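Reading through the structure tokens given below for one structure.
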Number of protein chains: 2
Amino acid sequence: MTMSYKMDLGKMKITSEMLEKYASEVIKEIEPFFKPKAIAVIGASRDVNSPGWVTFKILLENSQKGVLKAKVYGVNIKGGELFGQKLYKSISEIPDQIDHAVILVPAKYVPSVLDECGKKGVKVASIISAGFSEIGNVELERKVLETARKNGIRVIGPNGLGVFDAWNGVDTMFLPTTKMADGKELLACPRPKKGYIMFLSQSGALGVSVLDYMYGEGIGLSKFISYGNKIDVDEIDMFFWALKDDTVRAVMIYMEGIKSLGRALVNVAREFSKHKPIVILKGGKTKAGARAVASHTASLAGDVKVYEAAVNKMGAIWAEDLIEFLDATKALAFQPPAAGNNVAIVTDGGGAGILATDKAERVGINLPPPSEKLLSKLKQAQKDGIIPSVATFANPYDISGSAGDDSYAVALESVLEEENIDAALVIALHHPPLLTPKFVDKIASVASKFKKPVVAVDIGGTGMAKWVRERFDDLGVPSFPTPERGIVALNALIRYGMFLKREGVLDEYLDKWRPIA
Amino acid sequence: MTMSYKMDLGKMKITSEMLEKYASEVIKEIEPFFKPKAIAVIGASRDVNSPGWVTFKILLENSQKGVLKAKVYGVNIKGGELFGQKLYKSISEIPDQIDHAVILVPAKYVPSVLDECGKKGVKVASIISAGFSEIGNVELERKVLETARKNGIRVIGPNGLGVFDAWNGVDTMFLPTTKMADGKELLACPRPKKGYIMFLSQSGALGVSVLDYMYGEGIGLSKFISYGNKIDVDEIDMFFWALKDDTVRAVMIYMEGIKSLGRALVNVAREFSKHKPIVILKGGKTKAGARAVASHTASLAGDVKVYEAAVNKMGAIWAEDLIEFLDATKALAFQPPAAGNNVAIVTDGGGAGILATDKAERVGINLPPPSEKLLSKLKQAQKDGIIPSVATFANPYDISGSAGDDSYAVALESVLEEENIDAALVIALHHPPLLTPKFVDKIASVASKFKKPVVAVDIGGTGMAKWVRERFDDLGVPSFPTPERGIVALNALIRYGMFLKREGVLDEYLDKWRPIA
């Protein structure tokens, strides 16, 4: 059914059954991208740090370490040897079956290489080579697609970075992992740790920057797809894949051009969103931005209102900037959606609570005052000496700098037990002297008792602040370094919950939802 | 002239001469807060990790290390010894002149301690003790102020953290520097490195969190003042001080209550702003936020529009959230203000350039297209092989992932030479293979030739990205980890330039302006 089916998907409403059916077919076709049996790097090169050198090296090492459960072969038209491995002059010489070809040869050779791949029985190709429609070579690109179709080969690319899969070790990113500065070898293009986010990017350079940012923030990744000119495999295929991939709990997409947002995509995404959340960052949201898009990828950025409407229809979360893009996705990967926009803020710092409150009102979050029942519970906890006497209960619930570990546990549990509270933001500044590191586990343990989202904030950039946030993340409570970022992240869970409610599937979704940790 | 003069300041327009005159008087009075000859810690305690223990320890260590050029004495009513030092039963017993008292005794003893300080000739007191108006003890607080005035003692506090001065080693913050987690000693309340920002905070807890955040982002600090209930020394005094303090290049203020924003403050700030920039973050900008302020400090948050108008009149930059608060201040401390809102974006990543463009339009920054002259210069650089042939020149100037170190230097110099360009954002993603670490120095060197602000962005959270940003900062080019944050920071320099222009002092300001590095 390769490829042409997408035309049809634009014409009909996608039902849950259709999603399942298409998914099972597409998964079979594209599986070798992520779970290959044997990979051939066509264009493996002895030129140190060149794309063909880096790619072959990384894949070979991943295979030797056992991260990648596939054999890796190098192909170079001149033959020879690299990293102790024979380089074959052609893929046809390899004495093994190959299902995934990574192609790095100059653009003009790609069609003939694809023909050879076809004869060899290759199922999928990551075409890294550039020099196609992005510089006007439209005809050559058309020929690549035609050749791939003729040979039944699914293609990611050309002119992208291909695939990085943190779980399976597939890594076609040709950028060296390290660079030298001040005589030291520094991480320059880090690969994020295993995680639950699938990241699709129209821009390879931005994609890599985001991976670097994710690594720094300790956010894990399932897989990254940089499809460049995107002549074949696109968001739709990846939604079908993600539906059945347990390592994908949320999808984030960076897109620029309008052609990315066809009817088929909207139809499929809308059904997919009932199962897993999508976050979209659109480059070219403004007039000036749209001009920049035209100059960058020679594609039309389109009217931002059309985009927003489409994204809304898809049930996807629209991110305003890079930080929201990542924070929203992290929150959605970690926590269940909220059933409404009534939030309780629990904090040990009054000022931080106020900043969160300001941001909450700006984004439309409601902070209901405490019920009589809640107030009496909290006051009892004060009498029992669990919550400090100076605490104030007006939402924000400010348990003060005299708070101890149990103050948090009791306050959070009390607010989450309220029927009119849908979610909680816990501002857990680590500085107060009575707090021990155990308070993180206590908060996470309370959060796990409810299918209501909890998001944590600790402000700071050093040892203890990093430790606290990492521990929260490890326990499945997404954490952020400023109150406003915490609110924006929580709001993504509220917006997603609203979509699921509108579609009548929230209860079903929450029934199936399981914690990450 | 202690204190009462502030009433008068609200009634008149402050001239440059008056600013100078008041400054010289106030500086004399409050100098011992920052350059004491001898400090007495009244309430030094043998109770490990208690405020009196931590404060005495830190001050003593700073003195012993020579960071603090003052002798440090401990006072405890019971006498005894701590850290090998005698504890005096009363300040009157200390065989030395004392000019700065740090007071940590229970609230009710503070008036009598102040009387003793007066007899001893103490000039200033940091009153850390809590238990005054914040819990309803208004009368006691009034008595503290009265006693201080009677004795000619200027007061910071009570109920705050006091003073932290990175240059002179005065540090009255009673929070322990480290905490234990997983058996390791982690930085929990780090002290930022020496820098050029003065931070005034109405909230001690938020203040400490921000210091932690600054430390993590590598932002330096001149001094931090946490004045708590602020019965005496306030923003006005600190403006007078900052005017003549070369370690202060920008002032950031976190405030909640409306009483902070009296006429005297507006008048003084407006004249001060002609010399050094101020950034203000207001807690309680929304209705919900204002309610939270009332609950936190029992003060009125006031109408946000009144605030915004006052801040505007002051020539201060209004920050929307914590990140903008810090980013704007950092930019203002590092770079000269912009003479207009025409900006050029130079980038090696198309996607990142587009995100910056979107944000630029949102905040009202103009990205003019290249002039014929500029275009021909850039095209010549392409012919000469300095700028890659795939580069596009439409502002953003996308010099592409094939850019080398010199591509940046030539592109940046070319745009800054344009008369209709007031500032530049350089998106310097470090990932492209041809870039060496030298590109940072080349960019900074070009930037230093112009009195036009340049702000840098590198996305990423690991070795090389951190190295690049730190190097930019060291060379006086403020750097940020996302394109949107770079634009917001640059916009602060534009807004400040607009104020200076409106007041007719921009040229004079730029004449005097000197680079940080």
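Here, each number is a calculation from the coordinates, and none is a lab measurement. Every value quoted in this text rests on a predicted model; they were computed, and no experiment measured them. Please note: Cβ atoms are built from the backbone with ideal geometry, for glycine as well, and neighbour counts cover all protein chains shown.
If Lys and Arg each add +1 and Asp and Glu each add -1, what is the summed charge of the other residues whose beta carbon sits under 12 Å from the beta carbon of residue A:464?
That works out to 0.
Quick one: with label points 7 Å out along Cα→Cβ, list the inter-copy distances for residue B:24 in nm, shortest first?
9.0
Report, in listed order, any pair from A:359/B:359; B:28/B:86; A:305/B:282 with a Cα-Cα distance greater than 23 Å. Working shown, then result.
Values: A:359/B:359 19 Å; B:28/B:86 31 Å; A:305/B:282 32 Å.
Beyond 23 Å between Cα atoms: B:28/B:86; A:305/B:282.
When only DSSP loop residues count, what trypsin sites (Lys or Arg not before Pro) in region A:224-264 have their Cβ near at most 16 other Cβ atoms within 10 Å?
Sparse-neighbourhood loop trypsin sites (Lys or Arg not before Pro): A:244.
Compute the angle between helix B:304-314 and the longest alpha-carbon principal axis of chain B, please, reported from 0 to 90 degrees and rounded to the nearest 10.
Between the helix axis and the principal axis of chain B, the angle is about 80 degrees.
First measure r as the distance between the Cβ atoms of residue A:448 and residue B:441, then evaluate 1/(1 + (r/R0)^6) with R0 = 60 Å and state the FRET efficiency to the nearest 0.05.
Values: r = 50 Å, r/R0 = 0.83.
With a Förster radius of 60 Å, E is 0.75.
Let me check I've understood the local charge: for residue A:38, count other residues with C-beta under 12 angstrom from its C-beta, Lys and Arg +1, Asp and Glu -1. What total comes out? All intermediate terms of the calculation are to be shown ahead of the outcome.
On the way: positive: A:35, A:37, A:69, A:71, A:120, A:123; negative: A:96, A:99.
Computed value for this residue: +4.
Taking amide H positions as placed 1.01 Å from N in the peptide plane, with prolines and chain starts having none, which residues 5 or more places from residue A:195, or on another chain, fall under 5 Å of its amide H?
Excluding prolines and chain starts, which carry no amide H, the hits are A:221, A:222.
Quick check on chain A: take the gyration tensor over C-alpha atoms, sort the square-rooted eigenvalues as a ≥ b ≥ c, and tell me if it's rounded (a/c under 1.5), prolate or oblate.
prolate
When DSSP assigns beta bridges and you keep just the ones with both residues in region B:24-148, what percent turn out antiparallel, to the nearest 5?
Of the beta bridges lying entirely in region B:24-148, close to 10 percent run antiparallel.
State the residue of chain A whose Cβ is nearest the axis carrying A onto B, and the distance in whole angstrom.
Per the Cβ-to-axis criterion, the result reads A:323, 4.
As I understand it, the value is the acute angle between the Cα axis of helix A:483-502 and the longest principal axis of the Cα atoms of chain A; what does it come to in degrees, rounded to 10?
It is inclined by approximately 80 degrees.
Which of B:321, A:232 has the fewest other C-beta atoms within 10 Å, and how do the rest follow up to the most?
With the sparsest Cβ surroundings first, the list reads B:321, A:232.
Please arrange B:88, B:496 by how many other C-beta atoms lie within 10 Å of their C-beta, fewest to most.
By the 10 Å Cβ count, ascending, the order reads B:88, B:496.
Classify region A:255-403 as rounded, prolate or oblate, taking a ≥ b ≥ c as the square roots of the eigenvalues of its Cα gyration tensor: rounded when a/c is under 1.5, otherwise prolate if a/b is larger than b/c and oblate if not.
prolate
For residue A:11, place a label point 7 Å from Cα along the Cα-to-Cβ direction in every copy; what are the distances to the other copies, in nm, shortest first?
8.5
What fraction of the DSSP beta bridges in region B:91-206 is antiparallel, stated in percent and rounded to the nearest 5?
Working: 5 of 12 bridges.
Antiparallel bridges: around 40 percent, rounded to the nearest 5.
Return one number: the angle in degrees, 0 to 90 and rounded to the nearest 10, between the long axis of the Cα atoms of helix A:322-334 and the longest principal axis of the Cα atoms of chain A.
80 degrees
Multiplying the sequence separation of residue B:402 and residue B:64 by 0.36 nm and subtracting their Cα-Cα distance, what value in nm do you get?
Taking residue B:402 through residue B:64 to full extension adds about 116.4 nm, to one decimal.
Expressed as a rounded percentage, what relative contact order does chain A have, with Cα pairs under 8 Å and six or more residues apart?
11 percent
For label points placed 7 Å from Cα toward Cβ, what is the shortest-first list of nm distances from residue B:194 to its copies?
Shortest to longest, the spacings are 4.8 nm.
Using alpha carbons only, how many angstrom separate the centre of region B:122-147 from the centre of region A:38-110?
Here the answer is 75 Å between Cα centres.
Which of rounded, prolate, oblate describes the protein assembly as shown, given a ≥ b ≥ c as roots of the alpha-carbon gyration tensor eigenvalues and a/c under 1.5 marking rounded, otherwise prolate only if a/b is larger than b/c? Spell out each step's value before the answer.
Details: a/c = 2.09, a/b = 1.66, b/c = 1.26.
It comes out prolate by the Cα gyration axes.
Show log10 I(q)/I(0) for region B:84-170 at q = 0.11, 0.12 Å⁻¹, two decimals, from a solvent-free Debye sum over equal Cα scatterers.
-0.30, -0.36
Roughly what % of DSSP beta bridges within the protein assembly as shown run antiparallel, to the nearest 5?
Working: 26 of 126 bridges.
The antiparallel fraction comes to roughly 20 percent.
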